[in-house]
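Each reported figure results from applying straightforward, stated rules to the coordinates on display, with no laboratory input. Just so it is clear, the structure is predicted and the values come from calculations on it, not from any experiment. Using ideal geometry, Cβ is built from the backbone for each residue, glycine included, and neighbour counts are taken over all protein chains shown.
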Amino acid sequence: MTKITPQPGIMDIALYQGGTAHIEGVSNVVKLSSNENPFGPCEAAIKAFEGAGRSLHRYPSADHGELRGAIGEVYGLNPEQIICGAGSDEIIAFLCQAYAGPGDEVIHTEHGFAMYAISARAAGATPVEVREQSRVTDVDAILAACTQRTKLVFIANPNNPTGTMIAQSEVERLAQGIPEQAILVLDGAYAEYVEEYDGGASLVTARENVVMTRTFSKIYGLGGLRVGWGYAPQAIIDVLNRIRGPFNLSEAGLAAATAAVRDQAYVTQCRDANAKWRDWLAHALAQHGVPSDTSLANFILARFGSEEEAGACDSYLQSQGLIVRRVSGYKLPNALRITVGDEASCRQVAHAVGQFKGGAR
């Protein structure tokens, strides 16, 4: 019997399941399972990506200076307090690696993003799940769960997969109330979908115990390139940069993200389209007897009467070439997460759900 064993906690990690992209026997599918921007990236990002193809033999920038500068310029942040990673997932992993380990606790909410618990376990720390209140982050419950072992508190705002959001005053209360040795991490993967929302950047600037993470995978349409970033107090950035690999982002990813963040007109265009069709889809599904909470992201959490009904609807949608996301792994067995697509796909999924509810099974 082999004596080669992984570190404690590793084998407790359930493998992450991404959104399905294919249906056996169906060639022309509509993928609404991964919260991707249906319009893709802006033209400037595509051109920058293509241009990077001529220098693939060169190592990329090790300090990501141009991208950090562009992010700082657009969002009004100090580039020295920005770190870039392979998606915001890598920033989350850096935080767990640097600040949590055996004997430490990492708090996340019951319907929070799976990578919080995965990264905590990978670092040897213990993930602590805290209940939500009707699928909304509960600040009092989080504060009650904090102990002297708490090192990180993760919340997504807006949250995934619920789409719900708490007010800035509640986030501030949370930052003020966590133990002095803990860091509050605000996952802003969907922040750009909320008009005039800074994702928590002002709170990072004002405090020493708050970190914000962001991504280019959602509204910027660069999920295939895996580019994310974090904004944190300088002391935390200095720690994270000590464990970040020097070439963790590709030249093509850096170039495309730099071009994308400078095209804020395109971001506004995508945000407006998303808001229009998100509201339309939520209303259309409600008319078919499928409610959802008010979503501030680019998806809707459609709720059904039972796990069996949600599963049956998912199967029916697949028979119509529509891929949505089962969220039983997020303790929401009665629900389906549906990405807001373009007009055609929103109308198609609403029609299919209507057929399902009407008995066309």
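Here r is the Cβ-Cβ distance between Phe39 and Glu195 and R0 is 22 Å; the resulting FRET efficiency, rounded to 0.05, is 0.80. Once backbone amide H atoms are built at 1.01 Å from N, Ile23 has no partners under 5 Å, excluding neighbours fewer than 5 places away on the same chain.
3J(HN,Hα) along the stretch 249-254, derived from phi through the Karplus expression 6.51 cos²θ - 1.76 cosθ + 1.60 where θ = phi - 60°, amounts to 10, 7, 4, 5, x, 4 Hz, with x in place of Gly and Pro. What separates the Cα centres of the stretch 97-146 and the stretch 298-315 is a distance of 26 Å. Note on the stretch 232-288: the C-alpha convex hull projects to 7.1 nm² when averaged across all orientations. Taking a ≥ b ≥ c as the square roots of the Cα gyration tensor eigenvalues, with a/c under 1.5 meaning rounded and otherwise prolate when a/b beats b/c, else oblate, which class fits the stretch 43-263? It comes out prolate by the Cα gyration axes.
Remark: for residue pairs Lys218/Lys331; Lys331/Lys357; Lys3/Lys331; Lys151/Lys331, the C-alpha separation exceeds 27 Å in Lys3/Lys331.
The convex hull built on the alpha-carbon positions of the stretch 190-249 has an orientation-averaged projected area of 4.7 nm². At an R0 of 41 angstrom, the distance between the Cβ atoms of Gln355 and Lys331 translates into a FRET efficiency of 0.90.
Each residue, Ser55 and Thr5, gets one label point 7 Å from its Cα in the Cβ direction; the gap between the two is 4.9 nm.
3J(HN,Hα) along the stretch 327-338, derived from phi through the Karplus expression 6.51 cos²θ - 1.76 cosθ + 1.60 where θ = phi - 60°, amounts to 10, 4, x, 9, 6, 10, x, 8, 10, 10, 8, 10 Hz, with x in place of Gly and Pro.
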